[in-house]
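Accompanying notes for the structure given below.
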Amino acid sequence: QVQLVESGGGLVQAGGSLRLSCTASGSIFSINAMGWYRQAPGKQRELVAGITSGGSTNYADSVKGRFTISRDNAKNTVYLQMNSLKPEDTAVYYCNEVPPIDYWGQGTQVTVSS
């Protein structure tokens, strides 16, 4: 049974930084592409960053140059370093495979104040 546990969210002022972590269990983490998704109130969940098993990355235009995704296969963990945060980055952030499996963790709330 897959489990995804996200952490690291919080309240930060615009321009600040946060680092999110997600630990996966119950899946063959090292061979799966992983991603960070977010869902803002009243909006659909969107993929903001992805990373392949080999370390290739891609980003949504809205976060390119500000967010960095990375992974540690030995720890079954994927990270999202978020810099220069903006109020529009406020959302619940989730990790999942890319494409996502039909299971979502509890997410971690990121709130950016102006």
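The values are calculated or read from the model by the stated rules, or taken from the named source; none is laboratory data. Everything numeric in this text was worked out from a predicted model, so none of it was measured. Please note: Cβ atoms are built from the backbone with ideal geometry, for glycine as well, and neighbour counts cover all protein chains shown. Just the protein is used for accessible areas: all its heavy atoms, side chains included, with ligands, DNA and RNA removed. Shrake-Rupley method; radii C 1.70, N 1.55, O 1.52, S 1.80 Å.
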Subject >> Leading residue at positive end of dipole, the stretch 1-101 (Cβ point charges), from Ser30, Leu4, Gly50 >> reply: Gly50
Original post:
Between Ser70 and Glu88, what is the label-to-label distance in nm when each label sits 7 Å out along the Cα-to-Cβ direction?
Top reply: 2.7 nm
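Out of the total accessible area of the chain (probe 1.4 Å, heavy atoms of protein only), what percent is carbon and sulfur? Mind dumping the intermediate values first?
Values: 2810 of 5840 Å².
The value for the chain is 48 percent carbon and sulfur by accessible area.
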Subject >> Amide H contacts of Tyr37 (H built 1.01 Å from N, under 5 Å, at least 5 apart or other chain) >> reply: Val48, Tyr94, Cys95, Asn96
Original post:
Suppose every K and R has +1 on its Cβ and every D and E has -1 on its Cβ; what is the size of the dipole of the stretch 58-114 about the Cα centre, in Debye to the nearest 20?
Top reply: 200 debye
Subject >> Size of charge dipole - the chain - debye, nearest 20, with Cβ of Lys, Arg +1 and Asp, Glu -1, no other charges >> reply: 200 debye
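Averaged per residue, what accessible surface does the stretch 24-79 expose to a 1.4 Å probe, in Å²?
Numbers: 2890 Å² over 56 residues.
Accessible area per residue: 52 Å².
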Subject >> Environment charge of Asn83, counting only residues whose C-beta is closer than 14 Å and scoring Lys/Arg +1, Asp/Glu -1 >> reply: +3
Original post:
In a shell of Cβ-Cβ distance under 9 Å around Gln39, excluding Gln39 itself, what net charge do Lys and Arg (+1) and Asp and Glu (-1) give?
Top reply: +2
Original post:
Just by accessible area at a 1.4 angstrom probe, what is the order of Arg71, Arg45 from largest to smallest?
Top reply: Arg45, Arg71
**OP:** Determine the sum of side-chain charges near Gln109: Lys and Arg each +1, Asp and Glu each -1, restricted to other residues whose C-beta is under 11 angstrom from that of Gln109.
**Re:** 0
